[in-house]
Structure formats: structure tokens, C-alpha cells
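Novice: Dropping a structure here in C-alpha cells format, bear with me for questions.
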Amino acid sequence: MEVQTETITGTRCLPVKEETNLRSTEYWIEPFFHPGESQSPESPGEEMVSFTWRRTCLAFYCLFHVLVSPLSASRPQQPVDGEYSTFHVENPEWTLNHLAVDSRNGSVYLGAVNRIYKLSPALELQVSHQTGPDEDNRKCYPPPIVLPCGEPLALTNNVNKMLLVDYRENRLLACGSLFQGICKLLRLDDLFKLGEPSHRKEHFVSGINESGSVIGVIVSYSDAATADKLFVGTAVDGKPEYFPTISSRKLARNSEEQGMFAYVYQDEFVASMIKIPSDMFTVVPDFDIYYVYGFGSGSFVYFLTLQPEMGGPAAGSSGAREQVYTSKLVRLCKDDTSFNSYVEVPLGCVKGGVEYRLLQAAYLSKAGAILARSLGVAPDADVLYAVFSKGQKRQPRESSQESALCVFPLREINERIKDRLQSCYKGEGTLGLAWLKVQDIPCISAPLTIDDNFCGLDMNAPLGLSEMVRGVPLFSEEADKMTSVIAYVYKNHSLAFVGTKSGRLKK
């Protein structure tokens, strides 16, 4: 497999050299981060979500804005003189956290601290919506906007935690850290507030930990009578009684409907969610699941996560060893209301005898004809690009910068999951989900046919795989750790862009 790379670096979104040949395009890209922010966040969630987006999200969009037009033209383009537009927030302390692009018209939406911005495709400010600050206290549950709180209140910033375009209802979901993590529903055209559910426990979606990760996937149906769903994975920050680690919520058509964000299904015993058991925190006191990326494909919803290993530091141990993490893909059926289809599979990559196991970023794309031949899949098959750093431990500031870009055919991951489901329903092995069950539970034999779309039963679920699925290594970097990735197909070629810790882009 032939892989060609080039580095795109600098401080302005300015074309330096432009050719129609894919291998000879060079751009300067503005890194879009505050000069004083930490370059080595303390938590994995912060490093792979907040840190990555602040430094590369606008740079990626700017890059595609200057690349896609000339590359998709039918004739060679002349070099373009002048600078491309950039956007800066009015307060340098209001860092940018998330970006969403309306695929229909190119409008850009930015989630920042205390603001949501709408930009034109040329990055010109069209309208902004204020989300904070407001009087709050992270210990208030429910928050003071619902019930009076005995804790002292202080003016608190609202850090955007999740930003999603709901195409069906022409609205934006903007969830923040204020008031235990409530979400606003804003009209796409002018960011007018359509609704802000805040009075039920299901309305507190994203949590108060500013560095915690929140990933959402909207499942939309063509049937007008069927309500859309929002799958949400969030770091619970030690509050499993308040927040499920993963859940599916109702996306009501009426933004002010009381049932907005309610669990798709809930009775006395079962709900469309999974909570981290409180017993888990006696085994691993700081246990949490960090969500890095989410997407839908076929009948399933997928989340890429980073999870502490069960063999971590013991509670109260002063000389505890460094926590080890495992990167895992989580899969759920889109129409599974009881989460019986929940499956976890470890992911990683090995290149030159070096193991890369600490997930940094991921992106779903199509294979394209040339890469497809190498992977043995169809050109329109879904493939998952993933960036991993070396090892499995939280890295100190002076750590190695080694990282690798790898690709996984989604079909291969699904085949491995099907094989494990088939063996479990033959009574082989255990469920293998130690963080949820705390103990090994044997698989139960049942005469069932497990096909590609099997969505589980109330037995042998949830299920975890122990054997790691290895990705195909494409590129490794030793001096400047890769922290983000995006990809697309151009004329049968698969193009991947990775952002690095120093603010550079590599094509």
C-alpha cells in the first residue's frame, strides 16, 4: 500500500502554492488556539476533545474551503492571490470547542465558551447567540434555574460540550457545561432559541465537567410519523446517579415539548441507557468512559471510547501505578430500546513492532477504489480512520510524541462482533464486560441464528470482546503527536488530513 504525505503548516490561511497534482499543494493554516492554553491537558477527555477541537477545527474547515474548489474543478486552476478569511472571537478567553457545518449550504456553526456563532462559508460572522455566563454552582442538583440551591452561587462560564445539526427540524443542538449540562435548541437560520429543556433529570445531558467529553449521534427516519433519536455518550465525572454513560433520547419535533430528551424507553427495570455501577468506583475510584467520536452506519450506531483498565490503582493507595487505558469501539442497534445490543470491542494498531493503543481521534469515510483494493472491500464501503498514540498510559508532559494513523474496514469489525456473538450464544466464554458487571458472567447457550443485523436479547448482554481488532497502519509520526483526523475520497484516491499537537496539518 503506497502512502504519500506532506506537512501543511504555518499561521495564516493563505495559499502558498497550488497545483492540480494532489501531491503538490501547500498551505499555511492558522492554528486557532489561545497562546496561553495548556499543551498537555491533565485528563484524556480534555486532551482528545477540547484540546483537539480548539486547535484544528477551523483550520480543517479552512483547508477544505481552499482545497475542494480547485480540486473538484474540471480544468486546471490558476494560483489564487490574497488571503483567505479567518474568524476570531471577540474575547480571547472564549476558546472554540466544537464546529458543525450545514452540508446543504456550507454555513458554519461554532460552539465556544459563552457563545454560539453562525458563520458564512467564507467564515464571515452572521449571528451569535449568548449562552453564558450565569449564576451557578456545580454542586447544585437540580440546578438553581429549577430549584433554589443552598450552595453559594457565582458567575460561571458556559463551555460548549456538544454541537449537532438537526436537519429534519432545521435546528441546532447546543449543549453546555452550565446548570448540570442543559441543551439549547436554536433555529439554524438566526440562532433564535426554540427551546431549553431544564426541569427533568433527563434534560441534564452533558455534565458540568468542562474537560469531559460528550459525543452525540442523531438517528433520523424518513417516516414523518417516527420521532428521531439522539444517542449520547458522556463522561459522568463520578456522578453515575445523575448521568448515564450512554443513552438514547427522544428528539421531539416541538422544541418546547416536555418529553424532549426523555429516554426512548423506560420502565421500572429497563431503560434506553447504561449507567456505570456505583460499585465500580470502589474498584477504580476515578473510573470513567471518555467518548472520542460517534457515527451511524447501516443499522448501527458506533462510539469510539477510551476506558481505564480494571487493573488500575487501588482505592486509597498513595503509590498507585499509572492508570492503563484501552481504546474500545461501542456498537448499538439504532432501534434497540433496551440496549441489549450493546457490544464493546478493543481497537489498536501495531507498526514496526510498536503498539499504538491510546485513541486520540477518529473519522468515518468511504474507502475509495484504490484503498478498497488494498483492504479487500468495495469502494463505497465504510472505513474508520483512527489516530492512536504509543502505549496505553496517560502521558506526562515530557512524554513521547509517537503516534500512528490507522484504518479499519468497518465490515471487519462487524464480522468480529458477529463471531463473538455466535460463540457466546453457543455458551462459550463469559460476557467479559468487567466495568459493568464487576464479575465474569458465563455466556448462556441458546439455539439462535446470529445474522449481520442481530440486535441482542435480554440474555448474553451487554457483551465485551477481549481480543483487539488491529487496524492497518498508514502513517506514523515520532516528533509531533497527531491529535485529529478527517478524510474524504477524490478521484478514487483516499485523502486524510491529520492535525498535530503543534498546530500543523499533514495531508
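Novice: How would you order 353-360, 341-348, 143-150, 129-136 from highest to lowest mean count of nearby Cβ atoms within 10 Å? The partial results should precede the final answer.
Specialist: Working: 353-360: 20.2, 341-348: 21.9, 143-150: 14.6, 129-136: 18.4.
Per-residue Cβ counts within 10 Å, averaged per peptide and sorted highest first, yield 341-348, 353-360, 129-136, 143-150.
Novice: Still on this structure, please answer the following. Tell me, what HN-Hα J-couplings in whole Hz come from the Karplus equation 6.51 cos²θ - 1.76 cosθ + 1.60 at θ = phi - 60° for each residue of the stretch 463-471, using x for Gly and Pro?
Specialist: Each residue's phi maps through the Karplus curve to give 10, x, 8, 9, 7, 6, 8, 8, x Hz.
Novice: Here's another thing I want to ask about it. Tell me, what is the per residue accessible area of the stretch 159-224 in Å², probe radius 1.4 Å?
Specialist: Details: 2090 Å² over 66 residues.
That works out to 32 Å² for each residue.
Novice: Residues of the stretch 228-277: accessible area per residue at 1.4 Å, in Å²?
Specialist: Working: 2010 Å² over 50 residues.
Per residue, the stretch 228-277 has 40 Å² of solvent-accessible surface.
Novice: Using a probe radius of 1.4 Å on heavy atoms only, what accessible surface per residue do you get for the stretch 328-457? Whole Å² is fine. All intermediate terms of the calculation are to be shown ahead of the outcome.
Specialist: Working: 5410 Å² over 130 residues.
For the stretch 328-457, the solvent-accessible area averages 42 Å² per residue.
Novice: What is the sum of charges around Val219, taking Lys and Arg as +1, Asp and Glu as -1, for the other residues whose C-beta is under 10 Å from the C-beta of Val219? Can you show the working numbers first?
Specialist: Numbers: positive: Lys229, Lys334; negative: Asp228, Asp335.
Its environment carries a net charge of 0.
Novice: Within the stretch 89-166, report the trypsin sites (Lys or Arg not before Pro) that DSSP leaves as loop and that have at most 12 other Cβ atoms within 10 Å. Each step should come with its number before you reach the end.
Specialist: On the way: sites: Arg104, Arg115, Lys118, Arg138, Lys139, Lys161; in loops: Arg104, Arg138, Lys139.
Sparse-neighbourhood loop trypsin sites (Lys or Arg not before Pro): Arg104, Lys139.
Novice: Out of the total accessible area of the stretch 188-241 (probe 1.4 Å, heavy atoms of protein only), what percent is carbon and sulfur?
Specialist: Values: 1020 of 2090 Å².
Carbon-and-sulfur percentage of accessible area, whole number: 49.
Novice: Between Ala225 and Ala154, what length in nm is gained on full extension when 0.36 nm per residue of separation is reduced by their alpha carbon distance? Don't skip to the answer; put the middle values down first.
Specialist: Values: separation 71, 0.36 × 71 = 25.56 nm, distance 4.40 nm.
Length gained, Ala225 through Ala154: 21.2 nm.
Novice: Moving to a separate point now. What percentages, rounded to whole numbers, describe P(r) for the stretch 335-403 computed over all alpha carbon pairs with 5 Å bin width beginning at zero?
Specialist: 3, 14, 15, 15, 18, 16, 10, 6, 2, 0
Novice: Using alpha carbons only, how many angstrom separate the centre of the stretch 469-507 from the centre of the stretch 213-289?
Specialist: Cα centres, the stretch 469-507 to the stretch 213-289: 31 Å.
Novice: Hey, any idea what % of the stretch 398-507's accessible area is carbon plus sulfur with a 1.4 Å probe? Walk me through the numbers before you get to the answer.
Specialist: Values: 2360 of 4990 Å².
Carbon and sulfur: 47 percent of the exposed surface of the stretch 398-507.
Novice: Kindly flag which residue pairs out of Lys229/Lys506; Lys184/Lys418; Lys118/Lys161; Lys118/Lys250 have an alpha-carbon separation exceeding 28 Å in this structure. Before the final figure, lay out each step's value.
Specialist: On the way: Lys229/Lys506 35 Å; Lys184/Lys418 38 Å; Lys118/Lys161 17 Å; Lys118/Lys250 26 Å.
Listed pairs above 28 Å: Lys229/Lys506; Lys184/Lys418.
The values are calculated or read from the model by the stated rules, or taken from the named source; none is laboratory data. Quick caveat: nothing in here was measured; it's all calculated off a predicted structure. In this analysis, Cβ positions are derived from the backbone assuming ideal geometry, glycine residues included, and neighbour counts consider all displayed protein chains. All accessible areas refer to the heavy atoms of the entire protein, side chains included, with ligands and DNA or RNA removed. Shrake-Rupley method; radii C 1.70, N 1.55, O 1.52, S 1.80 Å.
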